[in-house]
Amino acid sequence: MLAFCINAQESLMLTKGLSTAEEPDLWAHTPDGRIALWIDIGEPAPDRIKKATRIAQSVKVYSFNSKSNVWWMQEQAKFTPLSAAIFQFSWPNIQALAKLVQRTMDISVTITEESAYVATESGECEVGWVVLKD
């Protein structure tokens, strides 16, 4: 949800996700059908992102879990030559946000610089992120 809000644009869409390995989690297409933006959520393999950089105009990765630092330390050198932007959400902030999630809910997201302020009827929190690679 946060990656969608941060990159909001008219053509941004959710994909089939895990059931289709050839697609990202989110993407946007140009009017002529090319992939303008490829977004992966989690800790993808460098080879996957390398392939994405060949077929998409822009590639972004949003890492978010408790093992994100380990993943980045192990894979950073492989991502360095790739034309992809990589971001890391704060894990404690993601956990706080998860506690606000309900089956149906109204949500308001305000994005500034490198944080998102999220307000719901059950509470509010701020989720920050750092740029690991731009």
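What follows draws every value from the coordinates through simple rules; no lab data is involved. Just so it is clear, the structure is predicted and the values come from calculations on it, not from any experiment. A quick note on method: Cβ atoms are made from the backbone with ideal geometry, for glycine too, and the neighbour counts reach across all protein chains shown.
Under 25 Å between alpha carbons, and skipping anything fewer than 8 positions from K60 in its own chain: which lysines qualify?
Filter leaves K16, K50, K51, K78, K133.
Can you work out the base-10 log of I(q)/I(0) for region 70-134 at q = 0.14 1/Å, using the Debye formula on its C-alpha atoms alone?
Each listed q corresponds, in turn, to -0.53.
In a shell of Cβ-Cβ distance under 15 Å around K16, excluding K16 itself, what net charge do Lys and Arg (+1) and Asp and Glu (-1) give?
-4
For a test of the definition: using alpha carbon positions, the gyration tensor, and the 1.5 limit on a/c, classify the chain as rounded, prolate or oblate.
Oblate, since a/c reaches 1.5 and b/c is not below a/b.
Largest first and to the nearest Å, give the Cα extent of region 1-77 along each principal axis.
38, 25, 22
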